[in-house]
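Report on one structure; see the data block that follows.
Nothing in this text is a laboratory measurement; each read-out follows from the coordinates by a stated rule. Computed from a predicted structure; not experimentally measured. Heads up, the Cβs are rebuilt from the backbone with ideal geometry, glycines too, and the neighbour counts pull from every protein chain shown.
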Amino acid sequence: MAKMVKKGDLPSKLCGACGLPFAWRKKWARDWDAVKYCSDRCRSAKGSKL
């Protein structure tokens, strides 16, 4: 059986657009080092203020 990991134990980063912290997600497992934004909205609004 897979070991359960608590959400608080996952790595996190600060979003490059909004500055809020976001946690690791399974879909980002391959390229976690390249992830800079917490959502598509922040990625598309990276040059402007939210």
Using the charge dipole of the chain (Lys, Arg: +1 at Cβ; Asp, Glu: -1 at Cβ; taken about the Cα centre), state which of Trp28, Ser12, Ala2 has its Cα farthest towards the positive end.
Ala2
In what sequence, highest mean first, do 37-45, 2-10 appear when ranked by Cβ atoms within 10 angstrom?
37-45, 2-10
Go through [x] 36; [y] 42; [z] 47 and flag the label whose value is the computed percent of Cα pairs over 18 Å apart for this structure.
[x]
For a label point 7 Å along the Cα-to-beta-carbon line of Ala2, residues of the stretch 11-50 with backbone N under 13 Å:
25-29
Could you go through the stretch 9-22 in sequence order and give the Karplus-derived ³J(HN,Hα) for each residue, using 6.51 cos²θ - 1.76 cosθ + 1.60 with θ = phi - 60°, rounded to whole Hz, and x for Gly and Pro?
8, 7, x, 9, 9, 9, 5, x, 9, 9, x, 7, x, 9
Select from Lys36, Lys13, Lys26 the residue whose mean-square fluctuation is largest in a Gaussian network model of the chain (Cα-Cα springs shorter than 10 Å).
Lys26
To the nearest 20 Debye, how big is the dipole of the chain about its Cα centre, given +1 on the beta carbon of each Lys and Arg and -1 on that of each Asp and Glu?
120 debye
